[in-house]
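Please read the structure below before turning to the comments.
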Amino acid sequence: MNDDLQALETWAAPILQRLQPAERSRLSRSIGTTLRRTQQRRIAAQMNPDGSAYAPRRQQPASRAKAGKIKRNAMFRKLRQAKHLKVSANPQLVAVGFFGRVARIARVHQEGLTDAVSKNGKLITYEKRQLLGFTADDIRQIQDTLSNHIRAL
């Protein structure tokens with residue numbers, strides 16, 4: 001995947017250098033919002049960037065299970081909201097990611113780290129669930145956005 005990003009950067013660099021800073025900012029914002037939407041859809045579908053499904057949740061012990069609970073909700077429902085999944089764009093870069101307190105939660109799942117469930121709580125090693133990442137479709141959409149933007153000029 002890193003090779004794909006390098007190829008995209010090589011392809012886009014000469015085009016972007018010809019644009020004015022304000023135009024690059026506008027384009028960066030457009031690419032960022034497009035990427036955020038695709039990341040949100042992928043998180044909602046519970047899929048890693050490679051197309052595999054997220055690792056399922058651990059089974060709750062019988063003592064903790066709620067009576068009558070038929071189906072558990074999807075993971076990361078709130079994290080994928082725009083108020084948590086932010087776009088930062090300027091003429092030099094585009095960043096889509098989690099910022100603030102939710103960034104720690106996202107990082108634990110992204111990298112499969114060990115964390116306490118609650119303050120002074122039991123330590124749990126979480127399964128690796130890649131919340132953010134590039135797919136081939138994401139790269140194609142970035143190229144399409146760049147092409148459409150250049151044609152509009």
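The values are calculated or read from the model by the stated rules, or taken from the named source; none is laboratory data. In this text the structure is predicted, and so the values were computed from the model without any measurement. For neighbour counting, all protein chains shown are included, and Cβ atoms are generated from backbone atoms with ideal geometry for every residue, glycine included. Areas reflect the complete protein model, heavy atoms only, side chains present, ligands, DNA and RNA absent. Shrake-Rupley method; radii C 1.70, N 1.55, O 1.52, S 1.80 Å.
Give me the net charge of Asn48's neighbourhood, meaning all other residues with Cβ under 12 Å from the Cβ of Asn48; Lys, Arg count +1, Asp, Glu -1.
+1
Per residue of the chain, the DSSP helices (runs of n ≥ 4 H) give a summed -39500 (n - 2.57) that works out to -15000 deg cm²/dmol at 222 nm.
By the Cα gyration tensor, the chain has an equivalent ellipsoid whose semi-axes, rounded to whole angstrom, run 37, 15, 14 from largest to smallest.
Each peptide in 11-22, 92-103, 124-135 receives the mean, over its residues, of other Cβ atoms within 10 Å, and ordering these scores from highest gives 124-135, 92-103, 11-22. Within the chain, the selection of entire DSSP H helices by a Cα span of 20 Å or greater along the long axis and an average Kyte-Doolittle value of at least -1.0 returns 2-17, 136-152.
Using a 1.4 Å probe, what is the accessible area per residue for the chain, in Å²?
Spelled out: the 1.4 Å probe surface of the chain, per residue, equals 68 Å².
For the chain, with all protein chains in place and a probe radius of 1.4 Å, 51% of the accessible heavy-atom surface sits on carbon or sulfur. Distant-in-sequence amide contacts of Met47, defined by a placed amide H-H separation under 5 Å and a gap of 5 or more residues or a different chain, comprise Tyr54.
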